[in-house]
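Let me begin by presenting the structure, written as structure tokens, before commenting on it.
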Amino acid sequence: MKIAHAPSQLDRRPRAVAIGTFDGVHRGHQSVLRAAVESGLDPTVITLDPHPRIVLGNRVELITTLERRLELLAEVGIADTLVAAFTPEFMRLSPAEFVETYLRPIGAEAVAVGADFRFGSKRAGGVDTLTELGLTVLGVEEVEGVSSSAIRDAVRDADLATAAGMLGRPFELDGIVVSGDQRGGTLGYPTANIAMDPQLVCPRYGIYAGEALGHRAAVSVGTNPHYGGTERRIEPFLLDFEADLYGKRLVVELWERLRDEAVFGSEEELIAQIAEDVEATRAASRPV
């Protein structure tokens, strides 16, 4: 998939363009994207970054990084993605100016959007506006009960089965592996310490079962209260895995919440509990 940051970076050719922020690329988004992919035209996406609600001063916990969003768009068959910067100048574009600036130059003939899609200054444009401006609006099958906000709520509550049902895949943690306290290695369970963007949604603290790099992973999300920690740490232990991950990006699927964090009476009790967590991780099932 080609990634562009301005319309001039994409060739003008017959395109079906899906427009939206697409945070999470959930099943509702996938329905919009599928309409573009199945149109017979070049399937293209215009996605917004940063998230418009963040620019407008609201607190939004994102489901995916921009990097992961682009990977997921490629996986569903999108040929080209234009990442449009959501700036004050962008916000001032009228619906007609948006079409003339972003859609006409790349050859858009059809558009795929959700039923509640609004665009242009003061959200003045909608689906009817696109038709009036000469674009074909593709039919999109509505997916009931799926939204980014509902997914965020499910993740915060550690309801991973519900989140996965809406996403069409397990919820993921995504970040760069950095140096940690290295206590896991001394306990016999070396973990990777993931530095995750604070703008990303995170489940409530506890121990989770999941997967990373094709290996089952027992994942600690929290502050390590046994050692008096105060900062949030995300530490997956990859089962049957030996490699240096420092400095590398790691995407970790979360499948199931195993237990709360705890303070133990001794190191031996902690090690025994980790061993139980590992066995529970081996027995866990992927939610979708």
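Where in segment 1-56 are there strands (runs of 3 or more DSSP E), lying wholly inside it, with at least 2 residues that are open to solvent by 20 Å² or more (accessible area, probe 1.4 Å) and out of contact with any Pro (no Cβ under 9 Å at 6 or more places or on another chain)?
2-4, 42-49
May I ask you to list the residues in segment 246-255 that are buried (at least 19 other Cβ atoms within 10 Å of the Cβ) and either aliphatic (A, V, I, L, M) or without any contact (Cβ under 8 Å) to a residue 12 or more places away in the chain (or both)?
Of all residues in segment 246-255, those buried (at least 19 other Cβ atoms within 10 Å of the Cβ) come to 250, 252-255.
Across segment 246-255, the qualifying residues are Leu250, Val252, Leu254.
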Take the residues of segment 256-288 that are closer than 23 Å to Cys202 by Cα, open to solvent by 50 Å² or more (accessible area, probe 1.4 Å) and part of a loop (DSSP other than H, G, I, E, B): which is modelled with the lowest pLDDT? Val288
Quick check on segment 108-163: of everything there that is of a type in the set (Val, Ile, Thr) and under 30 Å from Arg259 (Cβ atoms), which residue is most open to solvent (accessible area, probe 1.4 Å)? Thr162
If I go through segment 186-225 residue by residue, how many of them are part of a strand (DSSP E or B), open to solvent by less than 40 Å² (accessible area, probe 1.4 Å) and of a type in the set (Gly, Ala, Ser)? 8
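The values are calculated or read from the model by the stated rules, or taken from the named source; none is laboratory data. Not measured: the values here are computed from a predicted model. Reconstructed Cβ throughout: ideal geometry from the backbone, glycine too, with neighbour counts over all protein chains shown. The accessibility values were calculated without ligands, DNA or RNA, using every heavy atom of the protein model including side chains. Shrake-Rupley method; radii C 1.70, N 1.55, O 1.52, S 1.80 Å.
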